[in-house]
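Student: My structure is below; once you've seen it, I'll send some questions.
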């Protein structure tokens, strides 16, 4: 009995010595720091733990007395402190070292879960709001070109709609998301990149390659996720920007943001507004615009509420009103012009998300609802010879039209972390229900698109950390699309292998599909040869399928004062039943095209990114992409031209670079560069300067921007002034052979989106 009591007493003593718990909170001056490494040392004991998404770490089984705590995270200064453990439960706050260059951001797009970027088996590129500021972007189209593999192009001389090419594939092959939700309908997507203001965006996450296993139809080329700003503290930012376009036209921008957070941090709201007013720009002096008149107003809000510590409710709403007019620059109604396009858009968009963590943070549930509604009134027309019978008919029944698109998305996602196997495994299951309604009609042309599409999808994913070096991601998505007879199966397999501490190798295989439905470019009515070109879908059009292969090596070397790194990525995409536009004759109004399935195509290439940051004083980033894109069998772009195998309007080489010099805490100079290589194009005939159809090879373009920022701190009143001056497209590298007058080919547009512009700005924000 005595021996038993002695043993029990000894056990109690040992337990009292070694059962102390340390709870730490790691933060910077803005927010908690997740996924930081925490090394705890004393005597001959050492243990490494990590902070969670809330910046909290826990360590158990500690002794009484002094312990050494070292907190580190890639791209930040390391923090070391000594803490005296005195109680059973001990709490410590650690102010994280200053961010030099965040190479290990938290990303969500690659796996639909929160993940350190260096630990994600899917390579995710980040464009944060700092990059947006450096390139003087007033909308997202102006910043996406500063990412390798991405190229923003303008596709209409009259209305200037834009599309994003990822790895050589046109805009219809890529998904644009807002907060992870695919709520951009075809109609809204056509002008979305110009309509979404940059000041509502916190960061942009980009995934190149197939993403249909998570995001469904059209995620073949890649995924761009626009993550809006959520409130972190009480702050405001208001400003004005003025742009002088090639000494001819003006572009004015007023913007504002405000954030409010409750004292307990359980609720908050961010509000944003944007007003833009751009005049016509006529580059060649024919009284027809190359940049349309543009007026838009944007308002929105993002709100969050935490009913409990483990629950969060987020609400985002936004409204866009845009007026766009291009063509002959007259003051009257558009149908009196010789050629013009007028667009009036009213867009409402919103989403609500509910999330809950439970089971000791091993499980989480997300439920979401998103919606978008776009109403459009538009005119697209060419006036016949004044005074003729056709002209009278035109004035009696001008080609005005109306459009409506509604997209609704409902879904849920459940995550469960399974630890009882070889390495932890996060299992994700979910479902998406998407409804798309698109109606676009012009009575005068007997033109109508009336399409209703419903999609029901289920997906499952395994994110398995086999060991410290190897991570395996596998998943599959099942899509039942209302325009398809069969269920579409989209599998994905990716793995990450840590070659060494700061180097990773990734490889992936994925499949994707595009449903046979109207896409944004199909809804654009182009001008050519004195008529209008319209696209319709073939009756037997089936889905387009893809197989994508990619591999990449990423290396970053970080010290407390500098960081440099390189990323090399190769991609290979096979398209089957690839869509193409088949010339099918003409009618009284112009040329007709039918979208059909071709034999297939191959897109392949390689991208290289370089980056360097020295003590936050000098920062350099650059990227270059080399690629080839060819159809298996030649495709005809005109009844009068021979068929070709190459993708048009797709350069084989393009790239970017950015150099930023922080002279002091208040003074910064940034130099930006975009290179666009030669590309093949088709130039439809009929204009004054181009009578017949022909193929054209463009020149290469070198676009240089320079930006100067100066910040004046007014500490007595708690605000700062930000002065901005810069020049975009300094050398005026711009297309020189635009078509002239009313019979121009409006799709014959290439090169930089704007000529040289002087930019002057002033903003007032909280310290």
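The values are calculated or read from the model by the stated rules, or taken from the named source; none is laboratory data. As the structure is a computational prediction, the values presented were derived from the model and not from experiment. With ideal geometry, Cβ positions are generated from the backbone for all residues, glycine too; neighbour counts draw on all protein chains shown.
Student: Just checking: which of the strands (runs of 3 or more DSSP E) contained wholly in segment 212-282 hold 1 or more residues that are within 30 Å of residue 513 (Cα to Cα)?
Tutor: Working: elements: 222-228, 235-245, 249-261, 267-278.
Ranges flagged: 222-228.
Student: Within the bounds of segment 423-446, is there any residue that is assigned by TED's automatic domain parsing to the domain that holds residue 372, crowded, with 16+ Cβ neighbours inside 10 Å, in contact with a helix residue (DSSP H, G or I) (Cβ under 7 Å, 6 or more places away or on another chain) and touching a residue at least 12 places away in the same chain (Cβ under 8 Å)?
Tutor: yes
Student: Tell me the strands (runs of 3 or more DSSP E) entirely within segment 651-713 that contain at least 3 residues that are out of contact with any helix residue (DSSP H, G or I) (no Cβ under 6 Å at 6 or more places or on another chain) and within 20 Å of residue 746 (Cβ to Cβ). So that I can check it myself, show each step before the final result.
Tutor: Values: elements: 653-664, 667-676, 680-683, 694-697.
Filter on segment 651-713 gives 680-683, 694-697.
Student: Right, next: Return yes when residue 145 is over 26 Å from residue 506 (Cα atoms) and in contact with a strand residue (DSSP E or B) (Cβ under 6 Å, 6 or more places away or on another chain) and no when it is not. Write out each step before concluding.
Tutor: Numbers: over 26 Å from residue 506 (Cα atoms): no; in contact with a strand residue (DSSP E or B) (Cβ under 6 Å, 6 or more places away or on another chain): yes.
No.
Student: Any idea which of 308, 312 is assigned to a strand (DSSP E or B), more than 21 Å from the chain's Cα centre (by Cα), surrounded by fewer than 19 Cβ atoms within 10 Å (Cβ to Cβ) and assigned by TED's automatic domain parsing to the domain that holds residue 405? It would help to see each step written out before you state the result.
Tutor: On the way: 308 fails: assigned to a strand (DSSP E or B).
Being assigned to a strand (DSSP E or B), more than 21 Å from the chain's Cα centre (by Cα), surrounded by fewer than 19 Cβ atoms within 10 Å (Cβ to Cβ) and assigned by TED's automatic domain parsing to the domain that holds residue 405 holds for just one of 308, 312, which is 312.
Student: Do you know which residues across segment 626-642 are over 15 Å from residue 579 (Cα atoms) and outside any strand (DSSP E or B)? Break it down stepwise before answering.
Tutor: Let us first name the residues in segment 626-642 that are over 15 Å from residue 579 (Cα atoms), namely 626-628, 638-642.
The answer is 638, 639, 640, 641, 642.
Student: OK, next. Residue 374: assigned to a strand (DSSP E or B), over 30 Å from residue 311 (Cβ atoms) and under 23 Å from the mean Cα position of the chain (by Cα), yes or no? Lay out the reasoning, then the answer.
Tutor: Values: assigned to a strand (DSSP E or B): yes; over 30 Å from residue 311 (Cβ atoms): yes; under 23 Å from the mean Cα position of the chain (by Cα): yes.
Considered against the rule, which asks whether it is assigned to a strand (DSSP E or B), over 30 Å from residue 311 (Cβ atoms) and under 23 Å from the mean Cα position of the chain (by Cα), residue 374 comes out as yes.
Student: Looking at segment 329-365, which of its residues are surrounded by fewer than 21 Cβ atoms within 10 Å (Cβ to Cβ), part of a strand (DSSP E or B) and touching a residue at least 60 places away in the same chain (Cβ under 8 Å)?
Tutor: 353
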